[in-house]
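Take a look at the following structure, please.
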Amino acid sequence: MKRNVQKFLASLLVSSVTAFRLVAAEPAPTPAPADAEVAYTKAIEKRVADILAILDLTDPTKFKNTHDILIAQYRTLRDWHEVNDAKRKSAKGPEADGFKASLKVVHQKFIASLSAELTTEQLEKVKDKMTYGKVQFTYTGYLNEYPTLSEAQKQKVLELLQLAREEAMDAGSSDEKSAVFNRYKGKINNYLSTQGVGNPRKKKPTPVSTNSPAAH
């Protein structure tokens, strides 16, 4: 009888240790879809509140309409990228063009809705806020780097940066927004190169004297 009790206790101990190991090995539970949606809603409400804060909308109806349009756009972009991003990365030719056209429809609908509520100046503020003010920041950088740009050249640089902003507004992440601006900076650099624009701020290498030991 005593031996049977000892066997039972030993078996119970082994079972307990095994169960503990199994529990310890389990990965942390992933957030439930409902929890993830709550967190996402909180995040985009914060983004929209930051945008509304710079618009100074005094009309309650315009304020609410603008809020709802912005929230809807963030959700639409989230859904679009979740469905299309994996396929878009490998798309080429007509297929890639199809994705661009699809996203452009989303963009145009958003701009049209906002234009019905906001002035041109307010709309510009929304665009800048959604792209972290990259247009003005990058434009100022070019003016500092190339202080001799003509007015026509400045206008072209600004136009290209504004095109980058339109595209970056629809990007699915901050990294993608930055990638869009980097691509357009390449276009700007190519344009300035065709214009024969050099950078006078970069120091030219000092010529080596033929009388110095380094020249031999």
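If you count, for each residue, the other Cβ atoms within 10 Å and average over each peptide, how do 121-133, 46-58 line up from highest to lowest?
121-133, 46-58
Now, a different point. Assuming a viscosity of 1.567 mPa s and a temperature of 4 °C, what translational diffusion coefficient in µm² per second does Stokes-Einstein assign to the range 131-194, Rh being the Kirkwood radius over Cα pairs?
Values: Rh = 11.8 Å.
It diffuses with D of about 110 µm²/s by this estimate.
Work out from phi, with θ = phi - 60° and the Karplus expression 6.51 cos²θ - 1.76 cosθ + 1.60, the ³J(HN,Hα) of each residue of the range 93-110, listed in order in whole Hz, and give x for Gly and Pro.
x, x, 5, 5, 4, x, 5, 4, 5, 4, 5, 5, 4, 4, 5, 5, 5, 5
With the crude spin-label approximation of a point 7 Å out along Cα→Cβ, what separation in nm comes out for Lys42 versus Ala96?
Placing both labels 7 Å along Cα→Cβ, they lie 4.0 nm apart.
Hey, how much of the P(r) for the range 33-118 falls beyond 19 Å, as a percent of Cα pairs?
Everything past 19 Å amounts to 50 percent.
Can you work out the Karplus-derived ³J(HN,Hα) for every residue in the range 127-132? Use 6.51 cos²θ - 1.76 cosθ + 1.60 with θ = phi - 60°, whole Hz, and x for glycine or proline.
Karplus-based 3J(HN,Hα) across the range 127-132 equals 4, 5, 5, 6, 10, 6 Hz.
Which order, highest average first, do 79-92, 162-175 follow once you tally other Cβ atoms within 10 Å for each residue and take the mean per peptide?
Ranked by mean Cβ neighbours within 10 Å, highest first: 162-175, 79-92.
The numbers here are math on the coordinates, done by the rules we state, and not lab data. None of these values were measured; they are calculated from a predicted model. Methodologically, a virtual Cβ is constructed for each residue, glycine included, from the backbone with ideal geometry; neighbour enumeration extends over all protein chains shown.
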